[in-house]
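*Asks:* Just dropping this structure here.
Values in this text are rule-based calculations from the coordinates and carry no lab data. Being a predicted model, the structure only gives us computed values, none of them experimental. Positions of Cβ are backbone-derived with ideal geometry, glycine not excepted, and every protein chain shown enters the neighbour counts.
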Amino acid sequence: MLQRVKRETGPTTALASVDEADLIERCRAHERAAHDEFYHRFRRQVAGNLYRVIGDRVDLDDLVQEVFVIAFRGLERFRGDARLSTWLYRICVNVALGRIRTRKRRPPPIGGIDLDATANADPSLTERPETPQQSLERRRDQETVYRALEHLAPKKRIVLYLHEIEGLDLKEIAYLVDSNPVTVRTRLFYARREFYKILAGDDAVPPTEGDE
Amino acid sequence: MTHVPPHRWADALAGRLDDAEQRAIERHAANCPSCARARDRVQRASDSFVAIKNQPPPELPWDSVRARIHWSVSTERNERIKLDADPKPRRWFAHAAFGVAAAAAFAYAFVADPLPRSELALAPHVDQPATPTRVVTPPVPVAPTPLAGLVNRATGDVMIDGIRTTDLFARRLVAGTVIATGDGRIDVQFGDASAFALAPRSMLELRRFDAEGIELVVEGTVDIEVAPRASHQTFIVRAGERVVEVRGTQFRVQHDKTTTTVACRHGLVAVRDRQGHVEVGAARRVDLAADHAVAPERMRPLSVDEVNDLAQATPMTLPMWSLELLQSSAPLEIATVGRRDVRVDGVELGLAPMRVRVLPGRHTVEAADHAGRFRRAGWVDVAVPAAGSKPARLEVPAEPPPTRNINARRKQLQTGIDKARLAHCVRSIAKSGLTGTYVQIEIAVDPQGAVGFLNVIDTDLPSTTANCVREVLADVRFGAGDAATWRERIDL
């Protein structure tokens, strides 16, 4: 069972928890208004999770739809072991994993990774408004990260993303990817080696012992 | 000191190294340009993690997504389908009709009186015909741009203009073309997200096929997917006396001597004849006997199976479609023993044998087994089309006989594994503290006990270690018995 999740994107107050339980019950009763409320409450979180994991917005609306369809169908089986937002995050991770796997079999989209929206990143991230040069550099850096992620096997990619970028620990990741922490640790071990080696540039460092 | 592995820089940035090691790698980087460069790159990437984490989602068509979700899951919605009225599409249609009427009125006013109002005010009075200041030439009618369709997929017996042509995928289907199917099916795309699929034993004529209007005459069954069209673009399907008009939708028209059926999966179509007309909304169908007038009471909701059937019959479309695909794509022929469901590059395409349009490159083909599970049938390289070249072809191997008595084979595998060799394979990673690893394999054994194939399908081991494990497993000897194919997870 997931004890604690660092990433709290859903409602956080006790009142919200009561609301959440009520919302789930009403959704289970197939109340249309409850479905709407559920959707409105979590749609941005779901879209954000998917967008950040995948790194582009191609078919993002289809993926959001898929997540909610799975969620509505699976609410019957939701036991409340984790927060609703965490449970949804888990669905997002699985849907994103499926998407990454499918995309690996297809040619990459023209124009590479879409990070147009990075220009609209949260202004609070920067202490003062970015110059165009800074904005361009930031976008390039992010593009580099996603390009490196593209080289990893889907399972490794997800684990690395959740650990390095989202900052989740092994237990949390294990819950999200439906695996055990030991397997996650192994995947992460190799994923980090590969990822940072790619980031550092193949010519930068000669192969070290144990590298594949 | 040896070079610093790049991931150690990430550890250093995250404060996961002790002071001594931190100082040591910094000292090394001070004298090693390649490590310093690696450190800088890792630093830049790590800095961008925060920005990625706080990345806001892009704006999406939220209402449209919500509608699609409800459509998929809401039992309420399914119940409502059974009721007579669905006000939303009707309102939409009313708005669209109003828009069309307004546009038509505006266009009529403009064509009947082509001078702009401002110029009219400046034009000389009609009482002074002797001194015309400007001669207005009537607008020359411009012929609408002709359209052409390309075949995306074909199975079985198909004729174009009465001929069983061999260059089906190299032809442009233009106005006047007649397509007929025997036991086969053909999918033709004529625009981005616009295509039709002619079912077996059907005939279709492209009576009009240009940018202003499309008119198809059908005898048999045709499934059509049409992207939303502008108000001046017409799209009609003639089925005997009946005319089906559409804007943007997916629907099926089935017409024979006795009955005409129009079923709509999404969007809205209008069916009319001389006596009246009826609007067929999403997930509804109307069945019209030859001697019956078009009337709303003949409409009924589609069952879930019928909706699924329509979904499966959706014509195949290629993204970013253009006529240039004629030069930049090529047919791939997939041959099977009997009829089997196939996938190409993970996309399910239906029953083979078939020919399908693909882009040049390497494509993976999978075929469904008797249990409906897709298994890899092979890959095929498709070249850029050249004159006289034969289409790429992949023969899907015949399906192996069904598996029986797996447990006996499983037991033979477990008892036959050389555990000492297995332990030797993972010894080096176990020494690094990595335990609890696994390898999942798929293995086929024939009645004589020979291993047909042995694939590692999932593992968390590095490839060298996984190969070592695979070699150990491949050396297991099976006795005579039943043929079996199964998956096994080996925990290490």
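*Asks:* If you take each beta carbon of peptide B:455-462 and count the beta carbons of other chains within 10 angstrom, what is the mean?
*Replies:* Details: counts 0, 0, 0, 1, 1, 13, 2, 7.
Partner-chain Cβ atoms within 10 Å, mean over residues of B:455-462: 3.
*Asks:* Here is a follow-up. Please identify every one of the trypsin sites (Lys or Arg not before Pro) in the stretch B:250-349 that sits in a loop by DSSP and has no more than 10 other beta carbons within 10 Å of its own beta carbon. Walk me through the intermediate numbers first.
*Replies:* Numbers: sites: B:ARG252, B:LYS257, B:ARG265, B:ARG272, B:ARG274, B:ARG284, B:ARG285, B:ARG298, B:ARG339, B:ARG340, B:ARG343; in loops: B:LYS257, B:ARG274, B:ARG339.
Here the trypsin sites (Lys or Arg not before Pro) that fit, given the DSSP loop and packing criteria, are B:LYS257, B:ARG274.
*Asks:* Then there's this: How would you rank B:MET320, B:MET159, going from fewest to most other Cβ atoms within 10 Å of each one's own Cβ? Walk me through the intermediate numbers first.
*Replies:* Numbers: B:MET320 8, B:MET159 17.
Lowest to highest Cβ neighbour count: B:MET320, B:MET159.
*Asks:* What is the order of B:ILE52, B:ILE406, fewest Cβ neighbours within 10 Å to most? Each step should come with its number before you reach the end.
*Replies:* Values: B:ILE52 24, B:ILE406 15.
Placing the least packed residue first, the sequence is B:ILE406, B:ILE52.
*Asks:* A further question follows. Work out the FRET efficiency for B:ARG362 and B:LEU326 from their Cβ-Cβ distance, taking R0 = 25 Å, and round it to the nearest 0.05. Can you show the working numbers first?
*Replies:* Working: r = 21 Å, r/R0 = 0.86.
Rounded to the nearest 0.05, the efficiency is 0.70.
*Asks:* May I pose another question? What is the average number of partner chain Cβ atoms found within 10 Å of a Cβ in A:30-41?
*Replies:* Numbers: counts 7, 2, 6, 0, 0, 7, 3, 0, 1, 5, 2, 0.
Partner Cβ neighbours, averaged per residue: 3.
*Asks:* Under a point spin-label approximation (7 Å from Cα along Cα-to-Cβ), what is the B:TYR438-B:GLU241 distance to one decimal in nm?
*Replies:* Here the modelled spin labels are 6.6 nm apart.
*Asks:* Going through the cross-link list A:LYS155/B:LYS411; A:LYS155/B:LYS419; A:LYS171/B:LYS53; A:LYS197/B:LYS53, which pairs have a Cα-Cα distance over 26 Å in this structure? Don't skip to the answer; put the middle values down first.
*Replies:* On the way: A:LYS155/B:LYS411 30 Å; A:LYS155/B:LYS419 28 Å; A:LYS171/B:LYS53 19 Å; A:LYS197/B:LYS53 22 Å.
Where the Cα-Cα span goes over 26 Å, the pairs concerned are A:LYS155/B:LYS411; A:LYS155/B:LYS419.
*Asks:* Taking the stretch B:346-386, which trypsin sites (Lys or Arg not before Pro) meet the DSSP loop condition and have no more than 15 other C-beta atoms within 10 Å? Spell out each step's value before the answer.
*Replies:* Working: sites: B:ARG355, B:ARG357, B:ARG362, B:ARG373, B:ARG375, B:ARG376; in loops: B:ARG373.
Within the stretch B:346-386, the qualifying trypsin sites (Lys or Arg not before Pro) (loop, at most 15 other Cβ atoms within 10 Å) are B:ARG373.
*Asks:* A further question on this structure: How about the stretch B:244-336: which GluC sites (Glu not before Pro) there are in a DSSP loop, with at most 14 other Cβ atoms within 10 Å of their Cβ?
*Replies:* Working: sites: B:GLU245, B:GLU279, B:GLU297, B:GLU306, B:GLU324, B:GLU333; in loops: B:GLU324.
Hits after loop and neighbour filter: B:GLU324.
*Asks:* Further, regarding this structure: For B:HIS370 and B:GLN414, compute 0.36 nm times the residue count separating them, minus their Cα-Cα distance, and round to one decimal in nm. Don't jump to the answer; show the numbers that get you there.
*Replies:* Values: separation 44, 0.36 × 44 = 15.84 nm, distance 2.70 nm.
Working it through step by step, the gained length comes to 13.1 nm.
*Asks:* Regarding the stretch B:6-53, what are the three Cα extents along the principal axes, ordered largest first, in Å?
*Replies:* Dimensions of the stretch B:6-53 along the principal axes of its Cα atoms: 32, 23, 12 Å.
*Asks:* Would you please give the FRET efficiency between A:GLU31 and B:ARG207, computed as 1/(1 + (r/R0)^6) with r the Cβ-Cβ distance and R0 = 51 Å, to the nearest 0.05? Could the numbers behind the result be given before it?
*Replies:* Details: r = 50 Å, r/R0 = 0.97.
That pair, A:GLU31 with B:ARG207, gives E of 0.55.
*Asks:* Can you pull the mean other chain C-beta count within 10 Å for peptide B:31-38? Before the final figure, lay out each step's value.
*Replies:* Values: counts 0, 1, 1, 6, 3, 1, 5, 8.
Averaged over the peptide's residues, the number is 3.
*Asks:* Set the Förster radius R0 to 51 Å, insert the Cβ-Cβ distance between B:ASN308 and A:GLN134 as r into 1/(1 + (r/R0)^6), and round the FRET efficiency to 0.05. Let's see the in-between values first.
*Replies:* Values: r = 52 Å, r/R0 = 1.02.
Plugging the Cβ-Cβ distance into 1/(1 + (r/R0)^6) gives 0.45.
*Asks:* How far is it, in nm, from the label point at B:ARG16 to the one at B:ARG171 when both lie 7 Å from their Cα along the line to the Cβ?
*Replies:* Label-label distance for B:ARG16 and B:ARG171, simple model: 6.3 nm.
*Asks:* Related question: Going by C-beta contacts inside 10 Å, put A:TYR190, A:TYR161 in order with the fewest on the left.
*Replies:* Working: A:TYR190 23, A:TYR161 28.
Ascending number of Cβ neighbours within 10 Å: A:TYR190, A:TYR161.
*Asks:* Can I ask one more? Between B:HIS277 and B:ILE457, how many nm apart are label points set 7 Å from Cα along the C-beta direction?
*Replies:* According to this spin-label approximation, the distance is 5.4 nm.
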